[in-house]
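Working notes, beginning with the structure itself.
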Amino acid sequence: MSNLIPRIKTTNANWPDRQAIRYHNKLINKYWKNQNDTSAEPLPEFSVQNRSSSQARDISWNMQTVSHLLKRTVTGSTLEEIHTLVNDGMETSIQNLLAEQELPPPPGEWVSEELPDWNSLSSEDIQEIIQSYHNRMRAFQRWWAQRMMNGEMNITEIMTLFWHSYFASGYSKVFYPQAMYQQNNIFRIFSMGNFRDLIRQVTFGPAMMIWLDISGSRKNAPNENYARELMELFTLGVDNYSQNDVVAASHAFTGYVTNGLQTNYDFDTMEGWGYWWTDWHDFDDKTFMGQTGPWTGDDIINMILDRDECAIHICRKIFKWFLYNEPSIDFINNMADVLRTNNYEIKPVLEFLFTNDHFYDSTFVGANIQNPVQLYLGSIKRLKMEYQPFDTNYFNEIQYHLGMVLFEPPDVNGWIGYRSWLNSNTLPLRKVMLFALIIHESPFGNFGSYLNIPSVAQSLVDDDNETYAIIQIVENLAFLFLGIPLNENLRQQLLEIALNGAEPYDWNINLPAYNAQWNRFEDLLQHIMRLPEFQLS
Amino acid sequence: MKRRDFIKSSVVLSALGAGIPSLLLAANKRFSFRNSAIDSDRIVLFIKMNGGNDGLNTVIPFQNASYYQERPLVSIPNGQSLPITDTLALHPALESWQSLFNEQKLAIIQGVGYIDGNLSHFRSSDIWDTGSDEDEELTTGWLGRLLELEYPGFPNNAPDHPLAIQFNSANLLEFKTSESNTALYLYDPDTMYSLITGNYVNDQNEEIPDTYGGDELAFIRELDYMSFNYSQVVNEAAQNAPNTIMNYPNTNIGEQFKVTARLIAGGLATPFYRLYQHGYDTHVEQLYRHEQLLSELADALNAFLTEMDALSLLDRVLIVTTSEFGRRVIENSSEGTDHGTSAPVLVFGSQANGGVFGVDPDLQNLDENGNLPVQFDYRQVFSTIITDWFGLGQETASNVFGEEFESIPFIQSQLSTKNIILPSKFEVQPAYPNPFNPKTTIHFSIPSKSHVKINIFNILGELIQEYNLGFIKPGDQMFTLNGKSLPSGQLMIQLITDFGVMSQKVTLLK
């Protein structure tokens, strides 16, 4: 978990030198790291009494259940999109949700750019390159945000985000945008694929090799960082391995190196190459989990995946991300069975989860405290403001202040989520920064308006419905933006704010944008964003 | 893995969602801690060095040949470290701490940890936070339990001031109770105040569904409510503070110390501050990074203590540095060190018993993983703070940790909460010595808790210095004026309390 970029102890002209690292760190500390740290120690892993009723029953496929599913699997679905899925029926919708997507073109040609020869560059050149790296990462964040809001009713981007948090690797240490892109791409390609393939690709990709100090670890005194986190965080969990296993595994993960773009790992032979491999890899026997042999990194991974705890660990993380922070042990065991039976394919597990009535139990409605990125992007999309993040710096401010900077997780643990998003600083900030979109004023400066209020209001009204437009608006806004279903008191409260003394029939959704009526809509939205229920989904 | 059901006090705690937290709004709302024996003006700052600070390179056994043998590249060269005893020296970045040690203001407790030290960051941090053994899992923090004992029913009947302030993420286990979290996360008092007021929706009386969603909703409402109330109190204290005289380093830890100083000087009665410094997990290229971190910490800490001293608040504060573990004795092949076990805990303060507790690290007798043995259980340190610093009695400490842990005598003047005879009126003694250079002391007594402020005027009647002592406890008190930055000649010392104002002339002869 060191913050320093490791160096291969050879004359490797492609490795960044101290100057480059210093300038890079300066930019990181200034623009990427914030005191609003949302890293937290995860709560002990225990499962509470399951509060849902567990009789098998048919899942009712309606606006409520579809919305519940979509809130957790795509970003910012609108009323129209929810309607579409209701009409499509459960089977088709889930099929589409889990369908493999065509890979997008990369954010730029820089993703495969050759590494500079640092030693030959002047300090001005170095600074220019580092700055361009930082600019590319910013553009990369926006590119990803755009993909998340693409309106496809498909889970791929959220799964990519899930794996990003799972295998949390941070740009501040990885240093090369090429490596960060390569990792993100792996997450996308293998998002619902085979976990064994995924973890091999991640382990032997340049980003992880740098992030957890695999690169350059040598047999005489190997580095224990990856060995421990592999077991503790990625596969087995605390207490399911011993310190001896960590030592043995660390000896197996020797001899691999990367320069930030390429590695010396061969996916076909499952070995390293070059003198780094022959000289630094420990070819001796190691005893790992009771088995002795001349293990390599791949052997360790395979032995770990044989253990029952591994499937449980993976499924628990999936459950926690998609449903709630406190899983029931029985349900996790069922998920783990599906994972093992399907030889570690992730898709069947997701299918199992999303077609199980446990997932749709009313106790889980609103139980998820939204992560800042989805809160922001989801709100923008629902307010039809998709261009917002890109024209202004605001998306950077959101990530930075609300504690979720894409490509810069707070530590190896990723984003714990849930209550760790909220504290006496981020909670008020979440309110203020979100309704800044409506009033165009934020603590970080004012910006132009992308919000077409009449258009949004009209999209919330079904002309065939006889209920007054303003009532439909209140109820639909609450449906889209509040995690907990409206109770009568709150409904009244919201109506009062929207009406502000007028009668429902006074509301006319065909009035032009400058009409004072729309101020009430703004007030209503602002109030909604101040409610605790707004944080939940 | 054992799970221990914690023995709660006999007070039944309200279930979240069923009870509505209500602040006890006293008529005289300012500065009152009710229902607690933590009714002193003493404060503890806990500094977490996150990642596992290398204790061996912090407090160095510089005469021990093994130290250099085991760490050919990572050891601090002999001659560069700063000796404090015949056998121990401090890291070269810690010059200010060497001075503090020589002034008896630094207590070093060697070999602090716990049996079967766990080498996982998260597990070990949890252990330190919850006060558990290695093989048991507790779900509440030791400070959470302490505060819950002292303020039964929290967050109901919560006092006017935050019980604890933390500068890093919320939901640290440390302050967690079975129902709630006793710490307020603070970044900047001004920002906090302006953000929170006006955006608070009062929905405390609304119903909450009996679902997991309802649980999360209740949590958010409570956080909203507490933030709202405490932001006002914190803001008041921050506005009340005299302008800072110190230049705090422009670092994250510097900022944390600066805000803490401001709140203490402004009279905030919060007894616990939790500060954080990240980056100590030095697996790779340790020397450079470690040096940077330690000097950032030392500079910030020094600025803080200097300011406290100048404001005559130094006697009230204690600083304790902790880390989730130390590091391996032998270096690795990446010029770094891996996770270890025990390490020294450093305690700073004018009321600390300066010196070294425990023996030098025994590099010959390492455990099977090559790690240092434990000399003191970490709970001994915490227990001592409960009994000696806050004077809360052994029973409280035993309740918090489930058993008794032997205290370590690193606190000089133990606070006793036994009844004392209170003075019947407000009295001020003449300053002594007078004339003086550089310091003079005024003894005064107040019959009950009072705000105390001291103004210094020069011979022309101009106000040249202000000291805000805050809201201090009754009895015999004293104030020491340091004339280092004051003009030579006649000065007027004005003591302003809730019982009246008294002035006297003194002469500073430089």
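Residues in the range A:443-489 that are in contact (Cβ under 8 Å) with a residue 60 or more places away in the chain, part of a loop (DSSP other than H, G, I, E, B) and open to solvent by 20 Å² or more (accessible area, probe 1.4 Å): A:TYR450, A:LEU451, A:ASN452, A:PRO485.
Of the candidates B:PHE348, B:PHE376, B:PHE272, the single residue that is open to solvent by 10 Å² or more (accessible area, probe 1.4 Å), hydrophobic (A, V, I, L, M, F, W, C) and either within 14 Å of chain A (Cβ to nearest Cβ) or more than 30 Å from A:ARG218 (Cβ to Cβ) (or both) is B:PHE376. The combined condition, being part of a helix (DSSP H, G or I) and β-branched (Val, Ile, Thr), is not fulfilled by B:ILE319. A:GLY193 falls short on exactly one of the conditions (1) under 15 Å from the mean Cα position of the chain (by Cα); (2) open to solvent by 10 Å² or more (accessible area, probe 1.4 Å); (3) of a type outside the set (D, E, K, R); (4) under 15 Å from A:TYR344 (Cβ atoms), and that condition is (1). Among the residues of the range A:274-308, just one is assigned to a helix (DSSP H, G or I) and of a type in the set (Gly, Ala, Ser), namely A:GLY297.
Could you list, in sequence order, the residues of the range A:327-359 that are within 13 Å of chain B (Cβ to nearest Cβ) and under 21 Å from A:ILE94 (Cα atoms)? Selection gives A:HIS358, A:PHE359.
Which residues, counting only those in the range A:362-393, are open to solvent by 20 Å² or more (accessible area, probe 1.4 Å) and basic (Lys, Arg)? Break it down stepwise before answering.
Of the residues in the range A:362-393, the ones open to solvent by 20 Å² or more (accessible area, probe 1.4 Å) are A:362, A:365, A:368, A:370, A:374, A:382, A:384, A:386-387, A:390-393.
Selection gives A:ARG382, A:LYS384.
Among the residues of the range B:283-297, is any closer than 30 Å to B:GLU466 by Cα, more than 14 Å from chain A (Cβ to nearest Cβ) and assigned to a helix (DSSP H, G or I)? Checked against the condition, which is being closer than 30 Å to B:GLU466 by Cα, more than 14 Å from chain A (Cβ to nearest Cβ) and assigned to a helix (DSSP H, G or I), the range B:283-297 yields at least one hit.
At pLDDT 90 or above, under 20 Å from B:GLY198 (Cα atoms) and within 14 Å of another protein chain (Cβ to nearest Cβ): does that describe A:ARG491? Can you show your working first?
Details: at pLDDT 90 or above: yes; under 20 Å from B:GLY198 (Cα atoms): no; within 14 Å of another protein chain (Cβ to nearest Cβ): yes.
For A:ARG491, the condition - at pLDDT 90 or above, under 20 Å from B:GLY198 (Cα atoms) and within 14 Å of another protein chain (Cβ to nearest Cβ) - is not met.
Please work out if B:PHE175 is buried (at least 20 other Cβ atoms within 10 Å of the Cβ), among the hydrophobic types (A, V, I, L, M, F, W, C) and out of contact with any Ser or Thr (no Cβ under 7 Å at 6 or more places or on another chain). No.
Residues of the range A:417-441 being more than 10 Å from every other protein chain (Cβ to nearest Cβ) and either assigned to a loop (DSSP other than H, G, I, E, B) or open to solvent by 20 Å² or more (accessible area, probe 1.4 Å) (or both), which ones? If the condition is that a residue be more than 10 Å from every other protein chain (Cβ to nearest Cβ) and either assigned to a loop (DSSP other than H, G, I, E, B) or open to solvent by 20 Å² or more (accessible area, probe 1.4 Å) (or both), then A:GLY417, A:ILE439, A:HIS440, A:GLU441 are the ones that fit. Name the single residue that is surrounded by the most Cβ atoms within 10 Å (Cβ to Cβ) among those in the range A:125-159 being among the acidic types (Asp, Glu) and closer than 20 Å to A:ILE82 by Cβ. Among residues in the range A:125-159 that are among the acidic types (Asp, Glu) and closer than 20 Å to A:ILE82 by Cβ, the one surrounded by the most Cβ atoms within 10 Å (Cβ to Cβ) is A:GLU157.
Take A:GLU224 and decide whether it is among the charged types (D, E, K, R), touching a Leu at 6+ places or on another chain (Cβ under 7 Å), within 30 Å of B:GLU137 (Cβ to Cβ) and at the interface with another protein chain (Cβ under 10 Å from one of its Cβ atoms). So A:GLU224 fails the test. Under the condition of being open to solvent by 10 Å² or more (accessible area, probe 1.4 Å) and not charged (D, E, K, R), which residue from the range A:345-361 is farthest from A:THR156 (Cα to Cα)? Filtering first and then ranking leaves A:HIS358.
Counting only residues that are at pLDDT 95 or above and open to solvent by 30 Å² or more (accessible area, probe 1.4 Å), the range B:105-122 holds 1 of them.
Could you pull out every one of the helices (runs of 4 or more DSSP H) wholly within the range A:114-206 that has 2 or more residues that are touching a residue at least 24 places away in the same chain (Cβ under 8 Å) and small (Gly, Ala, Ser)?
Numbers: elements: A:123-148, A:156-166, A:171-174, A:177-189, A:195-203.
Where helices (runs of 4 or more DSSP H) fall fully within the range A:114-206 and carry at least 2 residues being touching a residue at least 24 places away in the same chain (Cβ under 8 Å) and small (Gly, Ala, Ser), they are A:123-148.
Is it true that some residue in the range A:498-509 is under 24 Å from A:ASP463 (Cα atoms), aliphatic (A, V, I, L, M) and within 14 Å of chain B (Cβ to nearest Cβ)? Checking the range A:498-509: not a single residue is under 24 Å from A:ASP463 (Cα atoms), aliphatic (A, V, I, L, M) and within 14 Å of chain B (Cβ to nearest Cβ).
Hey, among B:LYS484, B:LYS453, B:LYS505, B:LYS425, which residue is of a type outside the set (Gly, Ala, Ser) and assigned to a loop (DSSP other than H, G, I, E, B)? Answer to the check: B:LYS425. Can you find, within the range A:259-286, the residue that is farthest from the chain's Cα centre (by Cα) among those that are open to solvent by 60 Å² or more (accessible area, probe 1.4 Å), closer than 30 Å to A:ILE346 by Cα and in contact (Cβ under 8 Å) with a residue 12 or more places away in the chain? The qualifying residue farthest from the chain's Cα centre (by Cα) is A:GLU271.
Annotation note: of A:PHE534, A:PHE521, the sole residue that is touching a residue at least 40 places away in the same chain (Cβ under 8 Å), within 13 Å of chain B (Cβ to nearest Cβ), open to solvent by less than 60 Å² (accessible area, probe 1.4 Å) and of a type in the set (Phe, Trp, Tyr) is A:PHE534.
The values are calculated or read from the model by the stated rules, or taken from the named source; none is laboratory data. Just so it is clear, the model here is predicted, and its values are computed rather than measured. Ideal geometry is used to build each Cβ from the backbone, glycine not excepted, and the neighbour counts take in all protein chains shown. The area values use the complete protein model at the heavy-atom level, side chains included, leaving out ligands, DNA and RNA. Shrake-Rupley method; radii C 1.70, N 1.55, O 1.52, S 1.80 Å.
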